[in-house]
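The values are calculated or read from the model by the stated rules, or taken from the named source; none is laboratory data. Predicted model, so just to flag it, every value in this text is computed and none were measured. Using ideal geometry, Cβ is built from the backbone for each residue, glycine included, and neighbour counts are taken over all protein chains shown.
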Amino acid sequence: MADYDAVVVGSGVNSLACAALLARGGWRVCVLERNDWLGGAIHTTELTVPGYRHDVFSAWHPLWVGGAAHAELGAELAERGLEYLNTDLPTATAFPDGGAAFLLRDATGNAAEIGPEWPGVLERFLPNADLAFGVLGTELWSPSGLGFAAKAFRRLGRGGLAVFAGELLQTSRDWLEQTFASERAHGLLAPWVLHTGLGPDAAASGFMTQVIAVAVQEGGMPVPRGGGAMLAEALVRLIRDRDGVCETGKDVERVLVRGSTSPCPSPRAGTATSGSAGRRSCTSRPASTASPAR
Ligand SMILES: Cc1cc2nc3c(=O)[nH]c(=O)nc-3n(C[C@H](O)[C@H](O)[C@H](O)COP(=O)(O)OP(=O)(O)OC[C@H]3O[C@@H](n4cnc5c(N)ncnc54)[C@H](O)[C@@H]3O)c2cc1C
């Protein structure tokens, strides 16, 4: 198999974004995916009637659109067919009495919709939004985690940091009940924490409820025209345009480093193996795999 500057195992959106950024930086990258499609949990396909494309897993991309990789790559992805559609009515809950509550894309509308407490939530959350999203986007037990902690300490001081950490750990049920008088606010926001895989009584679920509520207000609910796979397809085009390789049907077992006496440990999906100290070549199943087609 050919040598690459980086072998990326798996083709989820994190892998593709990583590969695209490396490829733009001049690295020769190879993405290997065991499935027969590229995109991981982003997969759009005709499941029912021919011509009707369904998103099988992920469809809505507010966190991607609000994130650093999209800020960096968005223009080049748009040139490769990615277009985001949005709405002024991103999410709502219907109630048994026939009423409904909407989370809107403006703060005034949301105060009217879910309660006068909403502006106070924004006042507390927005000045430290970078810290809130930093908690989610930083590997905490790492040098960058240490840098993040130092930044939070400089900003908040010891007492403020303790309050921030305490609020971070609050459950969704406690946060909603202590913050909003209206049960409609609870009914509107509580389901979203389940979407993150946390229950309403899980530690940090209150923090996740806030993150999602603010993210939805600020970013809406962007969805790619043509389905979620348009994001994966545009990333793959970008990688290939930069001389990279993306292959399906390749189940990676190990990555070999030339000159090394032992193979790297089995990689986790999304692992990018960089070639600064030595170029990498990769072994994948089936063992008969030849050099990937370009
Ligand atoms: C049902 C569902 C709905 C979702 N809806 C949304 C949504 O609407 N909006 C949203 O923002 N997020 C949503 N998510 C979450 C989102 O899909 C994930 O956060 C995101 O796709 C994770 O991307 P990833 O790159 O980390 O990994 P994944 O997308 O999980 O991709 C990992 C890939 O690596 C491959 N792989 C693993 N090991 C190997 C190996 N050894 N060799 C080769 N390939 C390997 C796997 O086959 C897979 O394709 C949803 C998730 C699910 C499951």
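Name the strands (runs of 3 or more DSSP E) wholly inside the stretch 204-294 in which the number of residues that are at pLDDT 50 or above and within 14 Å of the ligand (Cβ to nearest atom) is 3 or more. Lay out the reasoning, then the answer.
On the way: elements: 245-247, 251-257, 272-274, 280-285.
Answer list for the stretch 204-294: 245-247, 251-257.
Could you check the stretch 182-200 and list, in sequence order, the residues that are loosely packed, with under 14 Cβ neighbours inside 10 Å and outside any helix (DSSP H, G or I)?
G197, G199
Report the residue count in the stretch 155-176 for those that are in a helix (DSSP H, G or I) and closer than 10 Å to G206 by Cβ.
The qualifying residues number 8.
Can you name the residue in the stretch 226-258 that is out of contact with any Lys or Arg (no Cβ under 7 Å at 6 or more places or on another chain) and acidic (D, E) and, of all such residues, is surrounded by the fewest Cβ atoms within 10 Å (Cβ to Cβ)?
The qualifying residue surrounded by the fewest Cβ atoms within 10 Å (Cβ to Cβ) is D241.
Among the residues in the stretch 88-97, are any within 16 Å of the ligand (Cβ to nearest atom), surrounded by 12 or more Cβ atoms within 10 Å (Cβ to Cβ) and more than 20 Å from M221 (Cβ to Cβ)?
For the stretch 88-97, residues within 16 Å of the ligand (Cβ to nearest atom), surrounded by 12 or more Cβ atoms within 10 Å (Cβ to Cβ) and more than 20 Å from M221 (Cβ to Cβ): absent.
Please go through the stretch 201-211 and give me each residue that is of a type outside the set (V, I, T) and crowded, with 18+ Cβ neighbours inside 10 Å, ordered by number.
Result: A204, S205, G206, F207, M208, Q210.
Residues to consider are T171, T179; find the one that is of a type in the set (S, T, Y), farther than 25 Å from G109 by Cβ and modelled with pLDDT of 95 or more.
T171
Among the listed residues A232, A215, identify the single one that is farther than 22 Å from D130 by Cβ and either under 16 Å from the mean Cα position of the chain (by Cα) or of a type in the set (S, T, Y) (or both).
A232
Which residue out of G98, G51, G74 is at positive phi and assigned by TED's automatic domain parsing to the domain that holds A17?
Checking each option against the conditions leaves just G51.
Among the listed residues V29, V56, which satisfies the condition of being within 16 Å of the ligand (Cβ to nearest atom), surrounded by 15 or more Cβ atoms within 10 Å (Cβ to Cβ) and within 24 Å of G137 (Cα to Cα)?
V29
G40 is checked against (1) of a type outside the set (K, R); (2) at pLDDT below 95; (3) within 13 Å of the ligand (Cβ to nearest atom) and fails just one. What number does that condition carry?
(2)
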